[in-house]
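A short write-up of the structure that comes next.
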Amino acid sequence: MIRPAHAPPTDRLFLALWPDKRLRSALARHRDAWRWPADARRVRSDKLHLTLHFIGAVPAARTAGLLSGLAVPFDAFEVVLDRPALWPQGLAVLEPQVVPPPLAALHTALGDVLRAADLPVEARPFRPHLTLARRAAGARPPAQAVALRWAVSHYALVASDLGADGGYRVLARYPATEAGA
């Protein structure tokens, strides 16, 4: 998308569960164990995440003001990514067989905060997943069962930089509420 020269700069934002180094390595090993078609586009290891809410383009001048407003209290919880799946349009994902209630509650609470801030909230039901590859029709997951345990202790506000080498920038991390706080 080309923006007119006079348009103010924007940040393309989303809220996500952001894996630590150990889990990111395990996710990358699982991704690499799949049998991929030649034209599959595997998600780079540094981009592996579980999206809670895609926000989209927000005026860059507004982003700093959103940082504290996107904090919601939540208790740490665990997600088990144990179901490899191929979705329509060739999307290869890893998803939980069971959505933990604290994950669903965090998603709902963040949606409420986004609505209150007059930011978009997707109408589709929440279907948590971690994308492993795109254009992956015909891919085959490893025969060995997977059960990657994710101890969720924070979520993140992330900016997506578009372009050929686009990456993600974690703008803020929101920790779980301390026990007894």
Checklist (1) touching a residue at least 40 places away in the same chain (Cβ under 8 Å); (2) assigned to a helix (DSSP H, G or I); (3) of a type outside the set (Gly, Ala, Ser) applied to Arg24, failing item
(1)
Residues of the stretch 83-116 satisfying the condition of being in a loop (DSSP other than H, G, I, E, B) and under 19 Å from Ser153 (Cα atoms)
Pro96, Val98, Val99, Pro100
Evaluation of Gly138 against (1) outside any loop (DSSP other than H, G, I, E, B); (2) open to solvent by 40 Å² or more (accessible area, probe 1.4 Å); (3) not aliphatic (A, V, I, L, M) (one fails), failing number:
(1)
Are any residues in the stretch 59-69 exposed (fewer than 15 other Cβ atoms within 10 Å of the Cβ) and touching a residue at least 60 places away in the same chain (Cβ under 8 Å), and if so, which ones?
Leu67
So which of Arg35, Arg140, Arg115, Arg135 ends up being at pLDDT 95 or above and under 30 Å from Ala172 (Cβ atoms)?
Arg115
Among (1) assigned to a helix (DSSP H, G or I); (2) open to solvent by 70 Å² or more (accessible area, probe 1.4 Å), which single condition is Ala123 missing?
(1)
Looking at (1) open to solvent by 20 Å² or more (accessible area, probe 1.4 Å); (2) part of a loop (DSSP other than H, G, I, E, B); (3) of a type outside the set (S, T, N, Q), can you tell me which one Val72 breaks?
(1)
Some residue of the stretch 48-65 being more than 25 Å from Arg173 (Cα to Cα) and part of a helix (DSSP H, G or I):
no
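The values are calculated or read from the model by the stated rules, or taken from the named source; none is laboratory data. Note that the structure is a prediction, hence the values are computed from the model and not measured. Cβ: placed from backbone, ideal geometry, glycine included. Neighbour counts: every protein chain shown. Surface areas here come from the heavy atoms of the whole protein model, side chains and all, with no ligands, DNA or RNA. Shrake-Rupley method; radii C 1.70, N 1.55, O 1.52, S 1.80 Å.
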